[in-house]
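The values are calculated or read from the model by the stated rules, or taken from the named source; none is laboratory data. Values in this document were obtained by computation on a predicted structure and should not be read as measured data. A quick note on method: Cβ atoms are made from the backbone with ideal geometry, for glycine too, and the neighbour counts reach across all protein chains shown.
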């Protein structure tokens, strides 16, 4: 494949990582984005990187500690996470998860209240205890997305922003070019990693990709003193202390949306910020006085089973479709590798990703969104 | 495939939100003259009216230059909220009239967000405004809302501007006229347009010494009558100048040096170059806005059920191009400011790091990163303040960009050689005032909210560890983590 042209549709974290991996293999890469790299969910998420439910987990864990060096730009990656239980029920659940990790040889430690407070001084006496993952971690989504983009450029790849893809040209069972309003980009292969816009784009190729989009929200506080462990989850919220000290947290109910081919119409946050603030003030009571200085929302897509779709189509056979189904950021070092392998070799070299094939949704009822209750509010 | 086809997503937001705890025909945000007039008019027409104003704000907020650019020049009197409240009533006699007209008045109450259904959200029971006082936050419903949020100070960096004693004209006017709580004695005023001249005259009236005005252009910019009063008072105006350097001590600024070398001793530099309409609430609700240089920059451009009055709707149009004038000041600042001049005070972002698109000092700067700059970023597309904010952290601090947002946009326009209006405005986001977690929190949230709450989407098949699929552990996983949510 060396020397061939791959066009990547979507400059989110998945498309950029794929582009970077391909460029590392000597492929000429062009990433097309409708606006600015990482502008949607890739730059708006919690930054977690501990996705032990995924077949890409081991590769995720292997790569993150090396990413700053591999990319040449800082990602703010920090290792380790802690889950703090605020109710007896959560305490049972988190210890159940800890047992599961122990069974699979992922290093975890169950912490008592005092140990939790040593690692997380903003935690209070009101918790039941915690589970310390000595794996996984978190990074800064915005900085990481830009790092992929710049690293890709450093390898000769191109990033074309402000250029929504409008369609494809096909011939002989292959996509031969990707079109935007102003230009046509000839290609030997295509990666469609356009998030919520994937179904509309793939429909143009006659391929049905079942995805539904939803809006989720986060809040961030002013900086707090740095804690020994900044990756603090629990109490049904997720987030991190940034390296600046801010507490950035999300979680809670989502709102299903219709997203057309041009992408999310808006990303409004709502008074859900108050419910996030309540839980964060409970999780970290010694931070309750800290000012919330922003809230925001992002739009992410999910597949019917919530698992990613990473697959190379049989027809057209030079297209890889990639949706990370709302958990794309942390897995991005590994998802890009898998996509690179599919584009170049036709198969993933480091793990079995059959679970992520699009064909698992063959025969899915047309009204699956209605049946799941994943419809926008009328 | 084992999917939940019950027709209901128990983790969706649908129907989980609280209703507002009160509802009014009309809510007016901001109890300045325009807001009071709108409230009285509404009450006179028989409407139920709530009038809120964030003042008096806490000393802590004033210390963060919120909502105005106080520059640390408040006296201890501003720590006494009872005295501040009294001062507000004394200085605004129409507040009593509004109450007599039946307006419900809440002072010390911040409006931190306006929410209504629209693109991207349909789950709100009704349109609401988020309010907060020193104790708690709550939501209020409305039929119509009037924003009378006024205008805030425009700050422009100069070497040493990040020390006590550098403040804005609106803040100085508020401290002098409303509270009598200004701690400076000898001030230098930047600018010579009406705002600068009026502020100078007010300062003289309050017995302060005005050491001079500094004007970047070669002639005075303001109203001739005002100018005459200022010059008659014997106050020098330094034309064609900006601040080259400054000296200061523990209490802040002590003297400035102009570009022509003139030294001026002062304890306060009042930046009176311009006011920016306070459009935070409109912008945070994604309302339309438009650039109007004659009315002070970006102003609201029309929103159903939302009316803007007073300065937040735009400064009075006198034909003066405020944007061109500010750009002249920023151009001068870019000529004079050293690379290490701080532009974002909260995050300590220097001019060099802003223009170099460099990260904060707690991150490494490998060679590839040092080779990046605004120039290289512009090769990928037009400058976007939100992108630059994310990379440099300028505007990401606790003052919520009040001190640097506008000047950064102007610097980006100048550095990228584009007209100011082509650079998007960095977004405002709720809460548009810093609000402590414990205040913002909805402590008495509906049970439905808690019942729907999951850390993520609540899709069991999303989180079953891949090794456990099809094993005895799969069911245990679901049972343990999702009981009651999915059968």
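Things worth noting here:
- Selection count where residues are without any contact (Cβ under 8 Å) to a residue 60 or more places away in the chain and away from every other protein chain (no Cβ under 13 Å), scope segment B:367-404: 2
- Test result for residue A:277, in contact with a helix residue (DSSP H, G or I) (Cβ under 8 Å, 6 or more places away or on another chain), crowded, with 24+ Cβ neighbours inside 10 Å and in the same structural domain as residue A:235 (by TED's automatic domain parsing): yes
- Test result for residue A:219, surrounded by 24 or more Cβ atoms within 10 Å (Cβ to Cβ), assigned to a strand (DSSP E or B) and either free of Cβ contacts under 8 Å to residues at least 24 places away in the same chain or touching a helix residue (DSSP H, G or I) at 6+ places or on another chain (Cβ under 7 Å) (or both): yes
- Selection over segment B:366-408 of residues that are crowded, with 17+ Cβ neighbours inside 10 Å and farther than 30 Å from residue B:433 by Cβ gives a count of 6.
- Verdict on residue B:334 being modelled with pLDDT of 95 or more and in a helix (DSSP H, G or I): yes
- Listed conditions (1) more than 7 Å from every other protein chain (Cβ to nearest Cβ); (2) under 16 Å from residue B:459 (Cα atoms); (3) surrounded by fewer than 24 Cβ atoms within 10 Å (Cβ to Cβ) are all met by residue A:324, apart from (3).
- Residue-level check: of (1) modelled with pLDDT of 95 or more; (2) more than 7 Å from chain A (Cβ to nearest Cβ); (3) surrounded by 20 or more Cβ atoms within 10 Å (Cβ to Cβ), residue B:426 misses just (1).
- Cross-chain or 6+ apart pairs with Cβ under 6 Å, segment A:103-116 first and within 14 Å of chain B (Cβ to nearest Cβ), then part of a helix (DSSP H, G or I): A:108/A:98; A:108/A:101
Yes/no matrix, rows are residues, columns are (1) facing chain B (nearest Cβ under 7 Å); (2) not in a strand (DSSP E or B):
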site	(1), (2)
A:229	no, yes
A:238	yes, no
A:243	yes, yes
A:252	yes, yes
A:265	yes, yes
A:269	yes, yes
A:276	no, yes
A:286	no, yes
A:293	yes, no
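- Residue ranges of strands (runs of 3 or more DSSP E) in segment B:135-251 with at least 2 members in contact (Cβ under 8 Å) with a residue 24 or more places away in the chain, under 26 Å from residue A:291 (Cα atoms) and in contact with a strand residue (DSSP E or B) (Cβ under 6 Å, 6 or more places away or on another chain): B:137-147, B:151-153, B:166-168
- Residue count for segment A:310-321 satisfying the condition of being part of a loop (DSSP other than H, G, I, E, B) and either buried (at least 23 other Cβ atoms within 10 Å of the Cβ) or in contact (Cβ under 8 Å) with a residue 60 or more places away in the chain (or both): 5.
- Matching residues in segment B:433-484 - criterion: being assigned to a helix (DSSP H, G or I), buried (at least 18 other Cβ atoms within 10 Å of the Cβ) and within 36 Å of the chain's Cα centre (by Cα): B:437, B:438, B:439, B:440, B:449, B:452
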